[in-house]
Amino acid sequence: MLNIPIGRTRFCDGVSRRSFLRVGTFAFGTTALTLADVLRAEGAAKQNDLPRTGHKAVINIFLAGGPPHQDMWDIKTEAPAEIRGEFNPIATKVPGIRIGETFPRIAAMADRFAFIRSVVGAKGGHDGYQVTTGFEKASLAPIGGRPSLGSAVMKLQGSVDPSVPPFVGLAEKTQHMPWSDAGQTGFLGSAFAPFKPSGPDLANMTLNPANRDHLPDRKALLRGFDDLKREMDHAGGLKGADVHTARAFDVLTSSRLVEAMDVSKEPQKVRDRYGDGKPYQFQFDGAPTVNDQLLMARRLVEAGARVVTLSYGRWDSHGKNFDLVRDHGAKLDQCLTALVEDLEVRGMLDDVTVIAWGEFGRTPTINKGSGRDHWPQVSGAILAGGGMRTGQVVGSTDRTGGNAKDRPVPFGDVFATLYHNLGLNPETTTITDPTGRPQHLADGKAMPELV
C-alpha cells in the first residue's frame, strides 16, 4: 500500500495516521502497484488542457478473428456466386477504386486512405502476434520472442510526457485471450509492457462516491504529491525504485492520463460522429465494437502516447459472414472515418499513422453456414495518415481473392513502413537482445508506394 502525505501532524514514528492518503492497486505491465483512487480531480480539465504534442504516433486497430477481405476492400464482381458473396462494390472518391458497399463513408474519403489488398505471410494463428510485431511467433522464441511495435518504440524513443505511458493497449478483455493482446514485450521484458487502462485499472484511477468525500481538495492533494516527490528525490528514494514504480509515480502525480481517457470531455457532436458501436453484436468470445476507443486513442496520442493498440470486434465469420460484415463494417466505417477526419482537423494526420487489419483473411468459397473460414494465404489492410501517399490501392489478388496476384506485401514491409512513419529507420535501427546481438525492427522495407 502506497501512502501519500497530505498533512503536517506527526506521531512518534514521524508520521500522522490521518495525514496520509492510502491508495489501492494500479497496474503497469505485469507489476501491480498501489495507486488507486487518486488521479480524477474535481472539475475535469477542458479539451484545451490536452494540447497537441506534434510527435509521431501509430494507432493499430486489430480486427481480431480474420476479417473477410473479399467482402470489404476487394470485392470480386466477376467471381462465381459461391465465391462472390452478397455485397456489391461502390465507387469511391478516387476514380477507379471500388470497395464494399458497407463502407460508404470510407468510400467518400478514399483519398485519405490506402488499401492493401495483398498482405501475405500469415501463419494462421488466431492471435495478434503478427499484427503487433510483424514477425512469426517462432522468431527468437528461445530468448522471449520479438517485441511488439509499442514495446520497441518505448525502448527506443521513450516518453513524450512522463505522466503518459508511450505504449497503451485499449483492448477489452476477451474470452479468447489472444484477441485482447495489446502487444508482447518479447525479449525486452516486462518493463516495456503496455499500460492497459480497461477494466479494474481504469476504475482504480477514478474516485467513487464512497471515497470522494474523504479526499482533500485537488490543490491540497497535489501539494502533498509535491512534498512527497521532493522528500523522495532528496532521500534518493526514486533512484532506487524499479521502472514500474517510477512510471506509476509519474502517472500518479498528474491527471493528464485520466483526462485523456475521459471521452466525456469531448463535445457531444464529436462523440456522435464516432458513435458508440452499440448494440454489440456477434461478440461471442471476442472484443466488442467499442467505437469510442478510437476517440480515446486519439486523445491519448494527443496527450503524448506514441503507440496505441486496440481490438475492434470479433471477425471470425465461420457462420453468418454477411450479417457480421453489415454490423461490424458499418460501425467501423463510422468510427474509422471519424478518427481520420478528427486527426486531420486537429492538424495531426501527417504525424499519426492509422492501420486496421486482422491476423489473416478468409476463404474465397462460402460454406454451408453462409460463412467464410480461415485463409492465411492473403488478407488486406487499410491505412491512413502518417504523411503517406494515400488515395491508392497497393497489390491485387486473383479472380477469386484466394492468392496475391500483384505486389505481395509481407507483414515485415508493413511494419517497416510503420517504423519509418515514426521516424525510425527500419533498415539501420536495431535493438540489442539478451545475447548481445543487434536485432532489426522489421523483416522488410518501408513500402515505396506509401512513403
Query raised in the report: From 405, 331, which residue is at pLDDT 95 or above and under 17 Å from residue 293 (Cβ atoms)?
Result: 331
**Report entry** Candidates 84, 105 - the one that is touching a Leu at 6+ places or on another chain (Cβ under 9 Å) and either farther than 16 Å from residue 337 by Cα or at pLDDT 95 or above (or both)
**Finding:** 105
Query raised in the report: Got at least one residue in region 68-88 being outside any helix (DSSP H, G or I), closer than 30 Å to residue 255 by Cα and polar (S, T, N, Q)?
Result: no
Query raised in the report: If a residue has to be surrounded by 21 or more Cβ atoms within 10 Å (Cβ to Cβ), farther than 15 Å from residue 133 by Cβ and acidic (Asp, Glu) to count, how many in region 406-451 make the cut?
Result: 0
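If you take just the strands (runs of 3 or more DSSP E) that sit entirely in region 325-436, which of them hold at least 3 residues that are more than 18 Å from the chain's Cα centre (by Cα)?
392-394, 404-406, 430-432
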Query raised in the report: Mind checking whether some residue in region 356-366 is in contact with a strand residue (DSSP E or B) (Cβ under 9 Å, 6 or more places away or on another chain), surrounded by fewer than 23 Cβ atoms within 10 Å (Cβ to Cβ) and acidic (Asp, Glu)?
Result: no
Query raised in the report: Conditions: (1) more than 20 Å from residue 437 (Cβ to Cβ); (2) surrounded by 24 or more Cβ atoms within 10 Å (Cβ to Cβ). Residue 109 meets all but one. Number of the miss?
Result: (2)
Report task. Taking the options 162, 147, name whichever one is under 26 Å from residue 297 (Cα atoms) and either of a type in the set (Phe, Trp, Tyr) or at pLDDT below 95 (or both). Result -> 162
Query raised in the report: Looking at region 185-206, which of its residues are modelled with pLDDT under 95, among the polar types (S, T, N, Q) and in a loop (DSSP other than H, G, I, E, B)?
Result: 198, 204, 206
Report summary line: Counting only residues in region 388-405 that are out of contact with any strand residue (DSSP E or B) (no Cβ under 6 Å at 6 or more places or on another chain) and without any contact (Cβ under 8 Å) to a residue 60 or more places away in the chain, the one surrounded by the most Cβ atoms within 10 Å (Cβ to Cβ) is identified as 402
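To keep it simple, each residue is scored yes or no on (1) aromatic (Phe, Trp, Tyr); (2) surrounded by 23 or more Cβ atoms within 10 Å (Cβ to Cβ); (3) in contact with a Pro (Cβ under 8 Å, 6 or more places away or on another chain).
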residue	(1), (2), (3)
122	no, no, yes
139	no, no, no
149	no, yes, no
153	no, yes, yes
159	no, no, yes
172	no, no, yes
175	no, no, no
Requested in this report: Go through (1) surrounded by 19 or more Cβ atoms within 10 Å (Cβ to Cβ); (2) modelled with pLDDT of 95 or more one by one and return the number of the condition residue 96 breaks.
Outcome: (1)
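Only one residue in 271, 314 is among the charged types (D, E, K, R) and surrounded by fewer than 22 Cβ atoms within 10 Å (Cβ to Cβ). Which one?
The conditions single out 271.
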Query raised in the report: Has region 299-311 got at least one residue that is in contact with a His (Cβ under 9 Å, 6 or more places away or on another chain) and under 23 Å from residue 176 (Cβ atoms)?
Result: no
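The values are calculated or read from the model by the stated rules, or taken from the named source; none is laboratory data. This is a predicted model, so every value here is computed, not measured. Neighbour counts are summed over all protein chains in view; Cβ atoms, including those assigned to glycine, are modelled from backbone coordinates with ideal geometry.
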